[in-house]
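First up is the structure itself, then whatever we jot down about it.
The values are calculated or read from the model by the stated rules, or taken from the named source; none is laboratory data. On a predicted model such as this, the values are computed, not experimentally measured, just so you know. Methodologically, a virtual Cβ is constructed for each residue, glycine included, from the backbone with ideal geometry; neighbour enumeration extends over all protein chains shown.
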Amino acid sequence: MPFVDTGRALRYSLDEMNKLTREVKRQAQHIGFDLVGIADPCPSDYAAHYHDWLAQGFHAEMHYMARPDAVEKRADPRVLMPEVRSVVVVGMNYYPGCFPPVMTCQGRVSRYAWGADYHDVMMTKLHRLGDWIAAQTDRPAAHRAYVDFGPLMERELAQRAGLGWFGKNTNLIHPAWGSYTFLGELLLDAELEPDMPFIGDRCGSCTACLDACPTGALVAPHVLDARRCISYLTIEHRSSIPKELRRQLGDWVFGCDICQEVCPWNKRFARSAESSVLRPVRPTLDLLSLLSLDEDAFRTYYRNTPLWRPRRAGLLRNAAVVLGNHGARAAVPQLESARLDEEPLVAEHADWALEQIQGG
């Protein structure tokens, strides 16, 4: 393939670019991605909205999102990778199906975390794709891969790549797959033919997600206040869950799918993932067993899973809240032990759960 090296970028004829673009998409699907599109790495159209979102404190304690260097990079992918010429955006369906019945002393886990850690799965596939692209050129093409981390406006890049629109629940929605998709990005210094951006908002007048959110975290269409979001509170939040929100957690011990469950696009189009690497193994957790785990046991069971994210203190905190919401008298002995836990966060929430169970 006759590439011309101009600086650090790979530039070539229109015919060669179109051919490589088609081959990249075929290879991405062969590797196991359900969706693939190409985005132009131009500056973000949503930088002002992002600044406003941060100014209102909607990022809660996720201070990394407000770091000046990270904000600058999110505003323009070329700050993150100066030689970038194209962004390959991929999507992978993870929908595992409906929840099994949830018994007393069990807690629900958000569908994305039922199986293997998607970061590892997606990154492995993205690097395979990047290596394959490099093998098609006369010299190695530089690439950087990202999966739900790093300072990128990944939903905007996905929309630019034609993969869907921003739902009112803030998720990217694809018209044939819904929103149960992992997103990943491959920044390349090779030029590919960009796809047409997805135009329009197909949510229409529907407000099902806003109406269903038990904590009112969706403060307006397309606007999420993380301080009230169950997913944030049970995963990213490192301190006490506000008492006024604990009841609204219901039986969610890790994450929350409510705003996706009620979405008409998911009700119509969500389909079970075929990938064996995302095979569901833990839709619910036994909360009594969870409360009995010391640090070593927690590490053994959860170190290489999404459930590692809140660490032992966070996950046991969540378990105590759910047991309190269940009113589970069978949990009293375990909660009595948990109130003596060396982690103050666990002890505090065990105390609260006991108050709910025993009538305060």
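Against the definition (among the hydrophobic types (A, V, I, L, M, F, W, C) and surrounded by fewer than 22 Cβ atoms within 10 Å (Cβ to Cβ)), how does residue 134 come out, yes or no? Considered against the rule, which asks whether it is among the hydrophobic types (A, V, I, L, M, F, W, C) and surrounded by fewer than 22 Cβ atoms within 10 Å (Cβ to Cβ), residue 134 comes out as yes.
Using the structure shown, decide if residue 232 is within 23 Å of residue 178 (Cα to Cα) and either hydroxyl-bearing (Ser, Thr, Tyr) or more than 23 Å from the chain's Cα centre (by Cα) (or both). It is true that residue 232 is within 23 Å of residue 178 (Cα to Cα) and either hydroxyl-bearing (Ser, Thr, Tyr) or more than 23 Å from the chain's Cα centre (by Cα) (or both). Comparison of 284, 300 shows that the only residue that is β-branched (Val, Ile, Thr) and closer than 16 Å to residue 109 by Cβ is 284.
Collect the residues in segment 255-264 that are part of a helix (DSSP H, G or I) and either surrounded by fewer than 22 Cβ atoms within 10 Å (Cβ to Cβ) or at positive phi (or both), keeping them in residue-number order.
Selection gives 258, 261, 264.
The set of residues in segment 305-339 being in a helix (DSSP H, G or I) and of a type in the set (S, T, N, Q) consists of 318, 325, 334, 337. All told, residue 125 falls short of being at pLDDT 95 or above, farther than 21 Å from residue 74 by Cβ and part of a loop (DSSP other than H, G, I, E, B).
The test for being modelled with pLDDT of 95 or more and under 28 Å from residue 208 (Cβ atoms) holds for residue 321. In summary, strands (runs of 3 or more DSSP E) completely within segment 128-228 and bearing 1 or more residues that are under 22 Å from residue 278 (Cβ atoms) occur at 143-146, 181-188. Answer yes if at least one residue in segment 293-304 is more than 18 Å from the chain's Cα centre (by Cα), on the phi > 0 side of the Ramachandran plot and not hydrophobic (A, V, I, L, M, F, W, C), and no otherwise. No: zero hits. Annotation: residue 168 fulfils all but one of (1) within 30 Å of residue 13 (Cβ to Cβ); (2) basic (Lys, Arg); (3) without any contact (Cβ under 8 Å) to a residue 60 or more places away in the chain; the unmet one is (1).
Closer than 18 Å to residue 108 by Cβ, free of Cβ contacts under 8 Å to residues at least 40 places away in the same chain and part of a helix (DSSP H, G or I), is that true of residue 353? So residue 353 fits the description; yes. With respect to the conditions (1) within 30 Å of residue 42 (Cα to Cα); (2) without any contact (Cβ under 8 Å) to a residue 40 or more places away in the chain; (3) not acidic (Asp, Glu), residue 187 lacks only one, and its number is (2). Residue count for segment 14-36 under the criterion of being of a type in the set (A, V, I, L, M, F, W, C) and within 22 Å of residue 121 (Cα to Cα): the result is 6. Restricting attention to segment 191-224 and to residues that are under 30 Å from residue 20 (Cβ atoms) and aliphatic (A, V, I, L, M), the residue that is surrounded by the most Cβ atoms within 10 Å (Cβ to Cβ) turns out to be 192.
If you scan segment 50-86, which residues turn out to be closer than 28 Å to residue 257 by Cβ and surrounded by 13 or more Cβ atoms within 10 Å (Cβ to Cβ)? Spell out how you get there, then give the answer.
Residues of segment 50-86 that are closer than 28 Å to residue 257 by Cβ, as a first pass: 50, 52-54, 56-66, 70, 74.
50, 53, 54, 58, 59, 60, 61, 62, 65, 66, 70, 74, listed by residue number.
Only one of the listed residues (287, 335, 291, 345) is aliphatic (A, V, I, L, M), touching a Cys at 6+ places or on another chain (Cβ under 9 Å), crowded, with 17+ Cβ neighbours inside 10 Å and touching a residue at least 24 places away in the same chain (Cβ under 8 Å). That residue is 287.
Looking at residue 181, is it surrounded by 24 or more Cβ atoms within 10 Å (Cβ to Cβ) and of a type in the set (Val, Ile, Thr)? So residue 181 passes the test.
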